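One structure is given below, encoded as structure tokens.
The values are calculated or read from the model by the stated rules, or taken from the named source; none is laboratory data. From a predicted model like this one, the values you see are computed outputs, not experimental measurements. No Cβ is skipped: glycine too gets one built from the backbone with ideal geometry, and neighbour counts run over all protein chains shown.
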Amino acid sequence: MSLARGVPLVATLKWLALLAVLMALPAVGAPARRALQSGNVTVAYNAEDEAFARTALAAACDALPVLEEALGLTARRQGSHIPVRIEIARRQEDFDQLVGGSTPPWVQGIALPRERRIVLKTLLPSVARTVVAHELTHLLLGEMAREVDVEPPRWLHEGLAKFAAQDFTESDREVLGKAVVEGRLLRFRELPDAFGGNREQVALAYAQSYTLVRYLHELHPGGGIRQYLQNLALTRDPERSLLRTYGQAPEILERGWLAQTKDAYLKHGLPLSAETAILAAMALLAAVALVVQERRRRLLRQRLQEEEKLRRMFGESSLPDGPPAAGCDREPQDPDDNLS
């Protein structure tokens, strides 16, 4: 009876051992993940996505120094201490699994700052560089936000992302140019609400966020944006934070920013008809100048011809303003003698 009871027990143990071995093995058809690393940036991918993984890694390595310098991480020797992991997924279900939830199909990348991870879909190389820089910006700003206990404003997120990705297109320039011509440039206080406006307002908000971040970075490179966030955490007032960080009253800073934007992008907002009118006016002015010049030449020729006639009639020495002819060896004559 003990044997009868022991046989099922042994068989059960064998099956459990076999099941454990099978569970430890990789699932059939599930590709093994690979990894590329440069500094503290790691990219995890499947074998078929290696080319894209290398593009993503290069994009992150290009954008990271720009972000570290703008955020003051390089000066504080913290840039190299922030590990970043980029996960690449080819299929939507894999993307959702890596993110940890369902996402809309048009989402190309998501930054998870608390986990210091970025999840990307496989994209064209030109698009990938932009998306990687954008998500890396959101990750580093999220990291900094936790340090100073403040949520960065939307214009800073989007403007710094475009700045780091060098994502400023001819379309952005045209949007700004049109707003300059029509007098629709957004003021600093109007930027947050514009992101929730119509398509035209959103496009303008993104473009002006880029110009604002660039302007602020030029005023205080190497950590100005970090100081702005620290002051924002202290004051909870965006305009007072600008004053404390950049040493200018908000209205003066805003005036300088908008003036720079107008000067740089006015020409991109002129419609074709206006450009044509300007060219036509320039051509007309050139034609008028040629006519005036030709008229002066004609008058000069007429004058010279009249003087030549006078010389023939009265002799060169008799001309009131003319010098004596070189080599003239005869005495001056009276004009009346020639008349007789």
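Per-residue answers, yes or no, for (1) touching a strand residue (DSSP E or B) at 6+ places or on another chain (Cβ under 6 Å); (2) modelled with pLDDT of 65 or more; (3) in the same structural domain as S126 (by TED's automatic domain parsing); (4) within 29 Å of A145 (Cα to Cα):
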| residue | (1), (2), (3), (4) |
| --- | --- |
| L3 | no, no, no, no |
| E48 | no, yes, yes, no |
| A58 | no, yes, yes, yes |
| R77 | no, no, yes, yes |
| R85 | yes, yes, yes, yes |
| R90 | no, yes, yes, no |
| D96 | no, yes, yes, yes |
Among the residues that make up the range 146-153, is at least one of them in a helix (DSSP H, G or I) and either crowded, with 17+ Cβ neighbours inside 10 Å or modelled with pLDDT of 90 or more (or both)?
no
Hey, any hits in the range 58-75 for a residue that's closer than 30 Å to E218 by Cα and in a strand (DSSP E or B)?
no
Could you check the range 154-202 for helices (runs of 4 or more DSSP H) lying wholly inside it with 3 or more residues that are under 28 Å from S126 (Cα atoms) and within 18 Å of the chain's Cα centre (by Cα)?
154-165, 170-182
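Within the range 268-279, take every residue that is assigned to a helix (DSSP H, G or I) and surrounded by 14 or more Cβ atoms within 10 Å (Cβ to Cβ) and give me the one that is modelled with the lowest pLDDT.
That would be G269.
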Taking the range 88-103 and keeping residues within 15 Å of A47 (Cβ to Cβ) and not in a loop (DSSP other than H, G, I, E, B) leaves I88, A89, D94
